[in-house]
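Worksheet for the structure shown next.
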Amino acid sequence: MADNITFTMIKPDATAAGHTGKIIDKIIGSGFSIRAMKWTRLSKEDAEKFYAVHRERPFFGELVEYMSSGPIVAAVLEKNNAVEEYRKLIGATDPAKAEAGTIRALFAKSISANAVHGSDSNENAAIESAFFFSAREFA
Ligand code: GDP
């Protein structure tokens, strides 16, 4: 499994707050290359499918409502050891616990509205990239 690709979303709280450009700048400034990117919006059904692994968690309904509440930016990023490097750059799920300087510490509002998604494994990076992008959308 490729270890140089990860998948991210800039979530609705961050697009609404006007943080999109600053987050993309930080991603590129941290050595990631953009392989694919789009501005889009998830339907509730899309969000349910994307987060299906969390179906049994108590916050699932809230997560689906939130992720379909406004536009997002979906992107595939490339760097050596991309999944781990990107998790370091975004910081902990709860922005109150995220290390200073991380994307979530800088831009997130709450544990749910936490500015960005980052894949948690190489396998999920491939699955999540394919959820949003066809082969011809990669550059
Ligand atoms: P991540 O890998 O850091 O994004 O965290 P998880 O995979 O555990 O959770 C997926 C997403 O669900 C998070 O990014 C949050 O948007 C949301 N989430 C996680 N934990 C909670 C929680 O305790 N409450 C709420 N409301 N949302 C949560």
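A few comments on the model shown:
- Residue in the range 116-134 that is out of contact with any strand residue (DSSP E or B) (no Cβ under 6 Å at 6 or more places or on another chain), closer than 25 Å to Ala17 by Cβ and without any contact (Cβ under 8 Å) to a residue 60 or more places away in the chain present: yes
- Any pair with Cβ under 9 angstrom, 6 or more apart, that starts in the range 71-92 at a residue that is of a type in the set (D, E, K, R) and ends at one that is open to solvent by 20 Å² or more (accessible area, probe 1.4 Å) and in a helix (DSSP H, G or I): Lys79/Glu85
- Scope the range 72-91; condition near the ligand (Cβ under 9 Å from one of its atoms) and either within 11 Å of the chain's Cα centre (by Cα) or open to solvent by 40 Å² or more (accessible area, probe 1.4 Å) (or both); matching residues: Arg87, Ile90
- Remark: pairs (first residue in the range 33-55, of a type in the set (D, E, K, R); second residue open to solvent by less than 60 Å² (accessible area, probe 1.4 Å); Cβ separation under 6 Å; 6+ apart in sequence or on different chains) = Arg35/Val76; Arg35/Glu78; Lys38/Ala74; Arg41/Pro71; Lys44/Val64; Lys44/Ser68; Glu48/Val64.
- Taken together, Tyr51, Tyr66 contain a single residue that is over 18 Å from Asp120 (Cα atoms), within 9 Å of the ligand (Cβ to nearest atom) and open to solvent by less than 40 Å² (accessible area, probe 1.4 Å), which is Tyr66.
- In summary, Met1 fulfils each of the numbered conditions (1) modelled with pLDDT under 95; (2) farther than 15 Å from Ala126 by Cα; (3) of a type in the set (A, V, I, L, M) with the single exception of condition (2).
- Lone qualifier among Ser30, Ser43 - being at pLDDT 95 or above, out of contact with any helix residue (DSSP H, G or I) (no Cβ under 7 Å at 6 or more places or on another chain) and either open to solvent by less than 40 Å² (accessible area, probe 1.4 Å) or of a type in the set (S, T, N, Q) (or both): Ser43
The values are calculated or read from the model by the stated rules, or taken from the named source; none is laboratory data. Every value quoted in this text rests on a predicted model; they were computed, and no experiment measured them. We place every Cβ from the backbone using ideal geometry, glycine too, and count neighbours over all the protein chains shown. Ligands, DNA and RNA are stripped out before the accessible areas are found, and what is left, the full protein with its side chains, is counted by its heavy atoms. Shrake-Rupley method; radii C 1.70, N 1.55, O 1.52, S 1.80 Å.
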